[in-house]
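One structure is given below, encoded as structure tokens.
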Amino acid sequence: MTQVDTPETQQGGAGLRDNGPGTRRPGDRRARIRRAIRIASRPGPWKRGPVLAALALLLGLFMLLHARIPNRIGNLGSLVETVLPWFGLFIPVLLAGALWRRSASAVAALLLPVLVWLNLFGGLLSDKSHPGSDLVVVGHNVGADNPDPAGTARDLAASGAHVLALEEITPQAKPLYEKALAEAYPYHTVQGTVGLWSKLPLSDTRPVDIEMDYGLLADTKPVDIKMAYNRALRTTVATDQGPLAVYVAHLGSARVNPRTGFWTDSRDGGAQALGRAIAAERNERVVLLGDLNGTMDDRAFADITSRMRSAQDVAGSGFGFSWPAKFPVVRIDQILVRGVEPDSSWVLPTTGSDHRPVAAGISW
């Protein structure tokens, strides 16, 4: 029987002719062309992340031009200035996004907010204090709801302060503070809800009207009623280097709510009145201690900051946040000076109050 040879067409395609590596099928060429087009059309590192780059530039401009944000709508400008340091937290967030997108343009754009933030707050990151001072002053909003006034007084006395200013003193707690501080501080005055204890003699003590009580019924209230709610005082401390005028103040509260925005009417009016009192002060050496319910970046305090320096800014380390006591995020308790030199500034440990005490060493 004659055997006929036929082309193999089965067994896994054994009959297909191998044209060698130099031969490419049309489908392979089309795939390579499509891949090349995709690579060529893919944006480079400078074209990636345009949204991230725009956000970085906006953040930098926002911080740079914060003083131009108007207060006409809900005191937005003051609110931004109160929390201005915290806008720096957006920088690492944007940086992480830029690295994830491998966007060179976004990384470059981040230089603007970094430089602006460092220009505004970089000086606070270093320790500017130096040893030695003629006088140590401490200010503390002791809190109307403080469950342990006597313990708070003992903690403050242990701080070694020569001058101790307290705010938010209630009628019930007043005798407790007076008793606990009597041994360490032989001189003291309480004017309404604020007081000052001193190891040095006091004179020329008087309340300061910061216009907390105003309106149609203000003039009809008896003097003793107004005095009970007085929230600022001025006195003279007799030091070895000469007289030192000391102001203690507790300005009105600030509130944030959806209807009115950042409500600061009472506080702002008090800041202006306090600024006028300090402007009229004849003593060249002045210290202001108090819960001002605002940061010194807030434009509302321009009448004060134009005449006085923050001890924390000049001689502190870090931001010196004082409120709330459990996790401070803002410094609203201030020590400001004029005519004396701050040597150091720091925040004391928590007491029974919702504020932390603040301290400063000053020299002549």
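The values are calculated or read from the model by the stated rules, or taken from the named source; none is laboratory data. Just so it is clear, the structure is predicted and the values come from calculations on it, not from any experiment. All Cβ positions, glycine included, derive from the backbone under ideal geometry; neighbour counts span all protein chains shown. These accessible areas exclude ligands, DNA and RNA; they are computed on the full protein's heavy atoms, side chains included. Shrake-Rupley method; radii C 1.70, N 1.55, O 1.52, S 1.80 Å.
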Quickly work out the residue 35-to-residue 326 label distance, labels modelled 7 Å from Cα along the C-beta direction, and quote it in nm with one decimal.
-> 6.0
Figure the gain on full extension for residue 58 and residue 317 (residue separation times 0.36 nm, minus the Cα-Cα span) and round it to one decimal in nm.
-> 90.3 nm
How do 341, 183 rank by accessible surface area computed with a 1.4 Å probe, from largest to smallest?
-> 183, 341
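Using 0.36 nm per residue of separation minus the Cα-Cα distance, give me the extension gain between residue 125 and residue 276 in nm, one decimal.
Values: separation 151, 0.36 × 151 = 54.36 nm, distance 3.23 nm.
This chain segment gains 51.1 nm when fully extended.
What does the accessible area per residue of the chain come to in Å², with a 1.4 Å probe and no ligands, DNA or RNA counted? Provide the component values of the computation, followed by the final result.
Numbers: 20110 Å² over 364 residues.
With all protein chains present, the chain gives 55 Å² per residue.
Counting residues in the chain as N, plug N into 2.2 N^0.38 Å and put the Cα Rg over that result. Numbers along the way, then the final one.
On the way: Rg = 33.3 Å, N = 364, 2.2 N^0.38 = 20.7 Å.
Output field value: 1.61.
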Gained length - residue 76 relative to residue 302, 0.36 nm times residue gap less alpha-carbon distance | 79.7 nm
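Starting from the Cα coordinates of region 135-215, work out the convex hull volume and express it per residue in Å³. Working shown, then result.
Details: hull volume 7.8 nm³, N = 81.
Dividing the Cα hull volume of region 135-215 by its residues yields 96 Å³.
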Please list the radius of gyration and Dmax for region 71-142, considering alpha-carbon atoms only, with Å as the unit.
-> 18.4, 56
In debye, nearest 20, what is the charge dipole magnitude of region 237-364 about its Cα centre with +1 on Lys and Arg Cβ and -1 on Asp and Glu Cβ, if you could check?
-> 280
Which whole-number percent of Cα pairs in region 289-364 have a distance greater than 19 Å?
-> 31
Cα extents of region 108-180 along the three principal axes, largest first (Å) = 60, 32, 14
Residue 240 and residue 114 label points (each 7 Å along its Cα→Cβ direction) are spaced in nm at 4.9
Treat each spin label as a single point 7 Å out from the Cα along the C-beta direction, and report the residue 170 to residue 96 distance in nm.
-> 4.3
